[in-house]
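The values are calculated or read from the model by the stated rules, or taken from the named source; none is laboratory data. Quantities reported herein were computed from a predicted structural model and do not represent experimental measurements. Here the Cβ positions follow ideal geometry from the backbone for every residue, glycine too, while neighbour counts run over all protein chains shown.
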Amino acid sequence: MNDSNDDFSELFEDDSGKQSSTFKLVELRKKCQEIDSLILELREKLEYSQVSLQKLKNQRSNILDEIDRLKDEMIPDLNA
């Protein structure tokens, strides 16, 4: 990532100095988009490794799971 993101990180800090879930969510979404672009680039090649493609897809899936987990943490449980 570039250093310009560091300029904004203080805007997303909570009282304990840790980055907030919102900032993490934004970063994960960016990373997911980057992986989507890599997957598309790889598919455009005439010959590509299925293993590489599968690794990228697994990374994207893990990031999407983390995004869902963070969103669940941010939204209060209405049944409680």
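Residues of the range 18-51 that are at pLDDT 90 or above, surrounded by 13 or more Cβ atoms within 10 Å (Cβ to Cβ) and among the polar types (S, T, N, Q): none at all. Within the range 30-51, residues that are under 16 Å from ILE63 (Cβ atoms) sit with their Cβ atoms under 9 Å from residues that are in a loop (DSSP other than H, G, I, E, B) and hydrophobic (A, V, I, L, M, F, W, C), at 6+ positions apart or across chains, in these pairs: LYS30/MET1; LYS31/MET1. Of (1) modelled with pLDDT under 90; (2) under 14 Å from the mean Cα position of the chain (by Cα); (3) not β-branched (Val, Ile, Thr), ASP7 satisfies all except one. Which? Result: ASP7 passes all but (2).
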